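Please treat every number below as a calculation from the coordinates, not as lab data. A quick note: this is a predicted structure, and the numbers were derived from the prediction, not measured. No Cβ is skipped: glycine too gets one built from the backbone with ideal geometry, and neighbour counts run over all protein chains shown.
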């Protein structure tokens, strides 16, 4: 087990291991695709080269999900088996783009990323698009659910957009944060979480009762049913949990303060377990994150998937 594993997550994993460990699961890989980064958020438009600091911060955000395992089937079109997905263009959010017969490798989730300038009240949003598929039952199940059954969650991937109007901090060192800049790492982890089903999956909504989330792992972590926001897509604003034994506001509530680094808490990870992800040891970077309190700015998300209740 990774020496950097937080004690709180370690306790959570031990409690879940009997129910979640399976011999045929593999670590889930998150792959970022920059082909729609036409506004230059992650790519230098003059040279065509990657903006390394920003992409490294995005890769670091994905690393907080390295402990997720499952058995996600390959999506591979062939003959009459065909599929498409319409997504918001993350490089120009006024446009929709349609991807046809993308190949998604086994145990892999593909996320198209980009950024552009928009209203300053929004940091970013993410979604899974509107999917259509035709062909054999096995193929369409691979497209829609990645071979997962009811009460579980599987997705092809999604898109994530970040608002370029902000003076982001892309540093991986929390000591570099200032009260005038939002933390990119915090927002990126949050948006990836929505693509992975937090606040969006059928298996999330099946645990919502009268404004509370009732998943058994989350209740075990929190001590009671957890209040959610008015849209049932986040924990309620200000919900607290712990990271490595230290008290922190949950990352998956609706807002994040400027100048503050928030990481996935014990309760956040428990929520992912309740929607169907299998958790092994969750590696955390060795850095010690510092926290401060400033005025929050809302994070918004946008999710849709044909035949899924979370799509409106």
- State log₁₀ I(q)/I(0) for the stretch 142-227 at q = 0.23 Å⁻¹ as given by the Debye formula over alpha-carbon point scatterers of equal weight, solvent excluded. -1.05
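Based on the Cα atoms of the stretch 29-280, what semi-axes does the equivalent ellipsoid have, where each is the square root of 5 times one gyration tensor eigenvalue, given in whole Å with the largest first? It would help to have the intermediate numbers written out before the result.
Numbers: eigenvalues 149, 134, 45 Å².
Semi-axes, largest first: 27, 26, 15 Å.
If neighbour count is taken as other Cβ atoms inside 10 Å, put 240, 252 in order from fewest to most.
Details: 240 13, 252 27.
Lowest to highest Cβ neighbour count: 240, 252.
Can you order the peptides 112-119, 172-179 by their average number of other Cβ atoms within 10 Å per residue, highest first?
112-119, 172-179
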- Task: Please report 190, 166 as a ranked list, fewest other C-beta atoms within 10 angstrom at the top and most at the bottom.
- Result: 166, 190
- Message: Tell me whether the stretch 75-135 comes out rounded, prolate or oblate; compute the Cα gyration tensor, take square roots of the eigenvalues as a ≥ b ≥ c, and use a/c under 1.5 as the rounded threshold.
- Response: prolate
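Between residue 80 and residue 179, what FRET efficiency comes out of the Förster formula 1/(1 + (r/R0)^6) with R0 = 45 Å and r the beta carbon distance, rounded to 0.05? Don't skip to the answer; put the middle values down first.
Values: r = 57 Å, r/R0 = 1.26.
Approximately 0.20, to the nearest 0.05.
At a Förster radius of 25 Å, what calculated FRET efficiency corresponds to the Cβ-Cβ distance of residue 26 and residue 98, to the nearest 0.05?
Details: r = 30 Å, r/R0 = 1.18.
The pair residue 26/residue 98 has a calculated efficiency of 0.25.
Counting other C-beta atoms within 10 Å, which of 125, 205, 32 has the fewest, and how do the rest follow?
Values: 125 22, 205 16, 32 19.
Least to most surrounded, the residues fall as 205, 32, 125.
Where does the stretch 25-177 land on Rg/Rh, using Cα atoms and the Kirkwood Rh? Could the numbers behind the result be given before it?
Details: Rg = 16.8 Å, Rh = 16.7 Å.
Using Cα coordinates only, the ratio equals 1.00.
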